[in-house]
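Chemist: A single structure is presented below for examination.
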Amino acid sequence: TGGFSQAAPTLHNPYKDDPILDRALRRMLPQECYEKVASDLARFGDRVVSEIEQLGRQAELEQPKLEQQDAWGKRIDKLVVCKEWYRLKQICAEEGIIAIGYEKDQDPYVQRLHQISKLFLFAPSAGLVTCPMAMTDGAVKTLTALNLNGKHKLATEAIERLQSRDPKRAWTSGQWMTEKKGGSDVAGGCDTYAINIEGDKYRLHGYKWFSSAVDADIALTLARVVDADGNAVAGSRGLSLFLLRIRDDDGNLNGIQMVRLKNKLGTKQLPTAELLLDGVIAYKIGEQGRGVAGISNMLNITRIHNSVASLGFMRRIISLARDYATKRIVFGQPQAKWPLHTSTIAKMEVDVRGTMLLLLESARLLGLSEAGKCTDVEALLLRLITPVLKLYAGKQAVPLVSEGIECFGGQGYMEDTGLPTLLRDAQVTPIWEGTTNVLSLDVLRVFSGRDNVLQAFGKRVEQLLQNAKTDNEKLNKSKEEIRKALKTLQTLLIKASDSALNDSVRIDS
Ligand code: MFK
Ligand code: FAD
């Protein structure tokens, strides 16, 4: 009695185990590129299983701490993060998690598809190091888009280091937008002020309410420039974008006090701090008063990364549940032999596959747009798909991971299985980087006053329907239904964006 022990679920190579990723890449990439990418992903998948998974788990078990004073009462604000967290960051550099997205030796869209696929394999094992990676990618994109490379000393160094493959040189970035009064309504909530020292150099004073991965090297943030009379412009047009170093070369904080670390439902591996900015030296980058537009480049990148994380959590719970279904005997046979159980897993699988294809399409469009090879229609589609993908994947993740946890019965609820971490961490994905409602409003922002977006969207759907050649009567009927639904959707979107323009649905209220 009591001698039975249940065989645990096995984590298989997430690339070889994925039912759709390899097939999709084979279809989307030129043959030669496909072979190169597939071989890197298959090798990396082995590394996830043999090394990365344990590091990520340890980061969950050994959570960050903040030591604010030394034994003698001196304020030190020392952030203590486990060595596995640092090792994971080094692995990101070695594996080119950021670099791949920017390398130019392949066809324009190949690098983003490669990078996003690699991140997808990494995300559920990464101990949330994917959060600083998202912001780091967003920072490279933002600094590059502002054309600062070679023109601005710190920005030039940052662009090189943020995508470095050398762990000793590699930097990461933070993204400090949210304040106590508002995270969605950044413009309404921002009470950080910038006082000019000289040229583009300022001192920042304010309080940032959520600052994740605060072990980073640089940050992008928003503040209001104070003029010679001590006044600052209110609202969105008063916000400017700033670049700063968090610590100097000796590791001393740059006019920053870490007030406390957040006590969170999940993302416990990740140090998220409240920061008092008390004279931080920062550089205004981009045009004054165009801070929100400037940081949007970062938002759109981190929103794609966020979708990768949502999908990664969903894929991980399904693949563990599938494996477990062959091992757990219920009522005399493995779960996998019970149709009711397999149909539960099948339903999750279908949901995830659709979102996965949308993610890969966004990566393709992102790569094309960055190479300047996007048509106008494709550029609009990318702008449209990004918030839709983020909100949809985030919204899907929590119920789906919860369903997946249930597949393990009581064991799914046990901390030492590591499974509850997936559910806790999934819960953040619909919240940060824009909540579902805020992103719905962003979709309206895209449609607002731009009939060409509707046309672009309609054209792309029609193109896909035509490509899906079929003589099957049932599928032809579905196509007709999709066409009808598209017409209705277009009418609804026109109405909604008209209302947005007429202020009856105010984007800024
Ligand atoms: C594991 C992976 C994890 C990922 C990393 C996680 C770590 C970081 C966690 C965070 O949560 S960081 C903070 C994230 N914060 C948000 O996502 C804020 C959510 N709120 C919004 O997105 C609001 O819609 C917004 C702050 C943008 C509203 O601000 P405004 O100033 O009221 O917007 P307004 O006036 O409509 O737009 C100003 C300009 O920006 C306009 O350009 P123009 O002036 O040229 O017309 C807009 O078109 C432009 N804009 C706004 N959003 C845009 C955009 N442009 C392109 N893309 C967008 N998404
Ligand atoms: P609110 O804006 O108060 O939103 C509350 C509710 O109101 C939501 O349901 C929202 O959808 C709804 N709402 C808001 N506006 C509208 C509207 N116009 N119409 C309809 N509904 C609306 N921020 C950073 O800047 N940097 C970070 O590194 C960072 N890290 C984070 C880490 C964690 C773990 C978490 C949880 C948050 C982090 N954030 C960070 C903050 C995050 O981006 C914000 O919490 C998020 O954007 C929501 O803002 P808020 O908390 O002010 O909520």
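The values are calculated or read from the model by the stated rules, or taken from the named source; none is laboratory data. Given the structure is predicted, the values throughout are model-derived calculations rather than measurements. Every residue, glycine among them, receives a Cβ derived from its backbone with ideal geometry; neighbour counts consider all protein chains shown. Heavy atoms of the whole protein, side chains included, go into the accessibility calculation; ligands, DNA and RNA do not. Shrake-Rupley method; radii C 1.70, N 1.55, O 1.52, S 1.80 Å.
Chemist: Can you tell me which residue is farthest from ligand 2 (Cβ to nearest atom) among those in segment 179-205 that are β-branched (Val, Ile, Thr) and open to solvent by 40 Å² or more (accessible area, probe 1.4 Å)?
Modeler: By that ranking, first place goes to Ile197.
Chemist: Which pairs do you get when a residue that is under 30 Å from Thr421 (Cβ atoms), found in segment 62-76, comes within reach of a residue that is assigned to a strand (DSSP E or B) and open to solvent by 70 Å² or more (accessible area, probe 1.4 Å), reach meaning Cβ atoms under 6 angstrom, with the pair 6+ apart or on two chains?
Modeler: As it stands, the answer is Glu67/Lys78, since those pairs meet every condition given.
Chemist: With the checklist (1) at pLDDT 90 or above; (2) within 16 Å of ligand 2 (Cβ to nearest atom); (3) β-branched (Val, Ile, Thr); (4) crowded, with 18+ Cβ neighbours inside 10 Å in hand, flag the one item Thr435 doesn't pass.
Modeler: Going through (1) at pLDDT 90 or above; (2) within 16 Å of ligand 2 (Cβ to nearest atom); (3) β-branched (Val, Ile, Thr); (4) crowded, with 18+ Cβ neighbours inside 10 Å one by one, Thr435 breaks only (4).
Chemist: Out of the residues in segment 380-400 that are open to solvent by 40 Å² or more (accessible area, probe 1.4 Å) and touching a residue at least 12 places away in the same chain (Cβ under 8 Å), which is farthest from Met314 (Cα to Cα)?
Modeler: Restricting to residues being open to solvent by 40 Å² or more (accessible area, probe 1.4 Å) and touching a residue at least 12 places away in the same chain (Cβ under 8 Å), the top hit is Arg383.
Chemist: I'm trying to understand the selection: among the residues of segment 269-287, which are out of contact with any helix residue (DSSP H, G or I) (no Cβ under 8 Å at 6 or more places or on another chain) and within 16 Å of ligand 2 (Cβ to nearest atom)?
Modeler: Scanning segment 269-287 gives Pro271, Thr272, Ala273, Glu274, Leu275, Leu276, Leu277, Val280, Ala282.
Chemist: Of the numbered conditions (1) within 30 Å of Gln455 (Cβ to Cβ); (2) touching a strand residue (DSSP E or B) at 6+ places or on another chain (Cβ under 6 Å), Gln288 fails exactly one; give the number of that condition.
Modeler: Against the list (1) within 30 Å of Gln455 (Cβ to Cβ); (2) touching a strand residue (DSSP E or B) at 6+ places or on another chain (Cβ under 6 Å), Gln288 comes up short only on (1).
Chemist: Suppose the filter is under 30 Å from Val352 (Cα atoms), of a type in the set (A, V, I, L, M, F, W, C) and free of Cβ contacts under 8 Å to residues at least 60 places away in the same chain; does Val37 pass it? Spell out how you get there, then give the answer.
Modeler: Numbers: under 30 Å from Val352 (Cα atoms): yes; of a type in the set (A, V, I, L, M, F, W, C): yes; free of Cβ contacts under 8 Å to residues at least 60 places away in the same chain: no.
No; evaluated as a whole, the condition is false for this residue.
Matching residues to (1) at pLDDT below 80; (2) in a loop (DSSP other than H, G, I, E, B); (3) surrounded by 17 or more Cβ atoms within 10 Å (Cβ to Cβ):
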| position | (1), (2), (3) |
| --- | --- |
| Thr429 | no, yes, yes |
| Asp442 | no, no, yes |
| Leu454 | yes, no, yes |
| Gly458 | yes, no, no |
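Chemist: Checking Lys373 against (1) open to solvent by 70 Å² or more (accessible area, probe 1.4 Å); (2) at pLDDT below 95; (3) in a helix (DSSP H, G or I), only one condition comes out false. Which one?
Modeler: So Lys373 meets the others, but not (3).
Chemist: Another question, if that's okay. Any residue that is under 24 Å from Arg161 (Cα atoms) and touching a residue at least 24 places away in the same chain (Cβ under 8 Å) - is there at least one of those in segment 177-191? Don't jump to the end; show me each part of the working.
Modeler: We begin by selecting, within segment 177-191, every residue under 24 Å from Arg161 (Cα atoms); these are 177.
From what's left, touching a residue at least 24 places away in the same chain (Cβ under 8 Å): 177.
Checked against the condition, which is being under 24 Å from Arg161 (Cα atoms) and touching a residue at least 24 places away in the same chain (Cβ under 8 Å), segment 177-191 yields at least one hit.
Chemist: Name the pairs: first residue in segment 194-215 and over 29 Å from Cys131 (Cβ atoms), second residue hydrophobic (A, V, I, L, M, F, W, C), Cβ to Cβ under 6 Å, at least 6 apart or on different chains?
Modeler: Ile195/Val226
Chemist: Tell me whether segment 252-266 contains one or more residues that are touching a residue at least 40 places away in the same chain (Cβ under 8 Å), within 19 Å of Ala187 (Cα to Cα), assigned to a strand (DSSP E or B) and within 14 Å of ligand 2 (Cβ to nearest atom).
Modeler: Checked against the condition, which is being touching a residue at least 40 places away in the same chain (Cβ under 8 Å), within 19 Å of Ala187 (Cα to Cα), assigned to a strand (DSSP E or B) and within 14 Å of ligand 2 (Cβ to nearest atom), segment 252-266 yields no hits at all.
Chemist: While we're here: Please specify each residue of segment 323-343 satisfying the condition of being of a type in the set (S, T, N, Q) and in contact with a strand residue (DSSP E or B) (Cβ under 7 Å, 6 or more places away or on another chain).
Modeler: If the condition is that a residue be of a type in the set (S, T, N, Q) and in contact with a strand residue (DSSP E or B) (Cβ under 7 Å, 6 or more places away or on another chain), then Thr326 is the only one that fits.
Chemist: Regarding segment 224-233, can at least one residue be identified that is buried (at least 20 other Cβ atoms within 10 Å of the Cβ) and not β-branched (Val, Ile, Thr)?
Modeler: In the first step, residues of segment 224-233 are kept if they are buried (at least 20 other Cβ atoms within 10 Å of the Cβ); the result is 224-225.
Next, from what is left, pick out any that are not β-branched (Val, Ile, Thr): 224.
Scanning segment 224-233, I find at least one residue that is buried (at least 20 other Cβ atoms within 10 Å of the Cβ) and not β-branched (Val, Ile, Thr), so the answer is yes.
Chemist: Sticking with this one: Would you confirm, using the coordinates I've provided, whether Ile405 is buried (at least 19 other Cβ atoms within 10 Å of the Cβ) and without any contact (Cβ under 8 Å) to a residue 60 or more places away in the chain?
Modeler: no
Chemist: Also: Take the residues of segment 80-134 that are aliphatic (A, V, I, L, M) and within 16 Å of ligand 2 (Cβ to nearest atom): which is farthest from Leu320 (Cα to Cα)?
Modeler: Of everything passing the filter in segment 80-134, Val81 is farthest from Leu320 (Cα to Cα).
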